[in-house]
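These notes are about the structure you will find just below.
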Amino acid sequence: MANNTLQVLLKRIKQIVGPENVSINKEDLETHAKDRSFHSPVFPDIVIWPKSTLQVSEIMKVANSTGIPVTAWGGGSSLEGNPIPVKGGVSLDMTKMNKVLKVLPDDLQVRVQPGIIGDALNKQLADYSLFFPAFPGSSFLATIGGMIANNAGGMYAVKYGVVGDWVLSLEIVLANGDIIRTGNRSFKSVSGYDLKRLFIGSEGTLGIITEAVLKLTAIPQKKFAVMVAFPSITDAAQTALLLLRSDIKPAAVEFMDTEYIRLVNLARNAKIPEKPNIIIELHGDEQIILRQLKVVIKTCEEKNGKVYKKFISEEENRQLWNLRRPPRDVLPKILPNTGVLSAEIGLPLSKVEDFLIKASELGKKFEVQTIMFGHIGDGNFHGWALYEQNNEKSWKKVTKLNELLVTFAIQAGGTTTGEHGVGIGKRKFMPIEHPTSIDIMKNIKEMLDPKGILNPGKLLPGK
Ligand SMILES: Cc1cc2nc3c(=O)[nH]c(=O)nc-3n(C[C@H](O)[C@H](O)[C@H](O)COP(=O)(O)OP(=O)(O)OC[C@H]3O[C@@H](n4cnc5c(N)ncnc54)[C@H](O)[C@@H]3O)c2cc1C
């Protein structure tokens, strides 16, 4: 941005939010240049921390009239470059709008501002024996606004669905500064087009979320889980499917391949059998889930599974999810100069086994080390492909591998992204996944943001 334009903008924005809520310091620009993905950082020109919906509206009016890009920022924990301001301009940091506005326990609802961190919200809701169940694994750093904008999903999506399933209404500031509300506080509504759904998962490209009403549920009485090792990927995948087709409704069914387990053992000093493993977690009344756990274990054993450990107490449950936490930290220590292309897709359940076999075959063919894990219970898979840093040939191999696996997922009736969003990395697949509806998406973007100022360079190819 030209210096004189920046100075004019700075002056105007300071009048709106106060000088303490604007920054052009290198440190602040750097913090807002990069998420947790492998995508390259791009610095914004200015960081703004609004404190109210009206301030967001005023900021958008200024940006729209001057054509300055605005990219919303939550916790910056995205994995596809979603909040990286690739065209510069404003990084709109929403973390100072972080209040719980009202808990409505009799309605099983809460009204929140978008900047509140997931775990902080659940901590406050615990006083009412309620919780928001659809948080991603990053709920310790991700904000509600970022989760809604990415339509994040977590380990418990099998039982509870994803973040968007729990959003009842939204307040949104549009590109031109208009403030709209969409949705309502009834659990059921068929009144008109579901515009709320349009904004869920739109990655900040259609509007800025300034408030949300979320549905809640009771905290389960108990959580019991088991981790089981299988001799092969096939046994693990088939057992997961068997359990999902039974009348047991697990809260989580997670998969980790042998390589992932090897890294977990190194990173967390654990001794899990180095084989494909699945985790099954059950929520509910103690007696009921104890009975179900026995059935789960019997089903696993009949498919050659060997129980590694049962996780019954709260402390053991914490240990379990600490073991499952991606062991990225250990990679630079054991494999220096190694980069990780982190990928993710969604599949129909019946295609999971084929996908895992395909990934393993392609890894061997391309001589690329792959590490597969993910939410097998809802067909959402994650993979890391390792490459040699600063080696163009090695990078090309992993990107080609990624392309083939994403294409496999689309052809299998799945999707390029089950939870991380399109961001930068998946844009090129959008016309392939949506050949008959991509133009409607482009028209919606054009209508709501004709100047293309909201998170440009994301989600849709072209703008
Ligand atoms: C360790 C780790 C584990 C993870 N586990 C999961 C997981 O289990 N499941 C999962 O789905 N993801 C996971 N993620 C990815 C990421 O945490 C989620 O996508 C999360 O929802 C991003 O939230 P955020 O607040 O960090 O948003 P950001 O990364 O800051 O932004 C996300 C997107 O939302 C937009 N945005 C932010 N706030 C607003 C707003 N108020 N209005 C409009 N647009 C906005 C941004 O412009 C951007 O496009 C994980 C990431 C990490 C680092």
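Quick look at the numbers
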item: Counting DSSP beta bridges with both ends in the chain, the antiparallel % (nearest 5); result: 90 percent
item: Extension gain from Lys396 to Leu242, taking 0.36 nm per residue of separation minus the Cα-Cα distance; result: 51.7 nm
item: Within-12-Å neighbourhood charge of Ser91 [Cβ basis; K, R +1; D, E -1]; result: -3
item: Set Lys14/Lys102; Lys310/Lys400; Lys275/Lys426; Lys310/Lys364; Lys333/Lys397; Lys397/Lys428 screened for pairs whose C-alpha atoms are more than 28 Å apart; result: Lys14/Lys102; Lys310/Lys400; Lys275/Lys426; Lys310/Lys364
item: Relative contact order (%) - the chain, alpha-carbon pairs under 8 angstrom, separation at least six; result: 15 percent
item: Relative contact order, percent, the range 244-316 [alpha-carbon distance under 8 Å, six or more residues apart]; result: 28 percent
item: Value of [θ]222 nm, deg cm²/dmol, for the chain, DSSP H segments ≥ 4, -39500 (n - 2.57) each, nearest 500; result: -10500 deg cm²/dmol
item: Full-stretch length increase - Thr436, Ala120 - with 0.36 nm per residue and alpha-carbon distance subtracted; result: 109.6 nm
item: Estimated D of the chain in µm² per second, where Rh is the Kirkwood radius over Cα pairs and Stokes-Einstein applies at 20 °C, 1.002 mPa s; result: 93 µm²/s
item: Crossing angle, helix 438-448 versus the chain [Cα axis fit, 0-90 degrees, rounded to tens]; result: 40 degrees
item: The range 70-142 - share of DSSP beta bridges that are antiparallel (%, nearest 5); result: 50 percent
item: Dipole-positive endmost among Pro83, Ile116, Ile24 within the range 2-121 (Cβ charges, Cα centre); result: Ile24
item: Antiparallel content of DSSP bridges confined to the range 31-121, in %, to 5; result: 35 percent
item: Segment Lys294-Ile334, length gained on full extension (0.36 nm per residue, minus Cα span); result: 10.5 nm
item: Backbone N within the range 73-105 under 20 Å of label point (7 Å from Thr217 Cα along the Cβ vector); result: 104-105
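Every number in this text was worked out from the coordinates using simple rules, so none of it is lab data. Just so we're clear, the structure is a prediction, and the values are computed from it rather than from any experiment. Cβ sites come from the backbone with ideal geometry, for glycine too, and all protein chains shown count toward neighbours.
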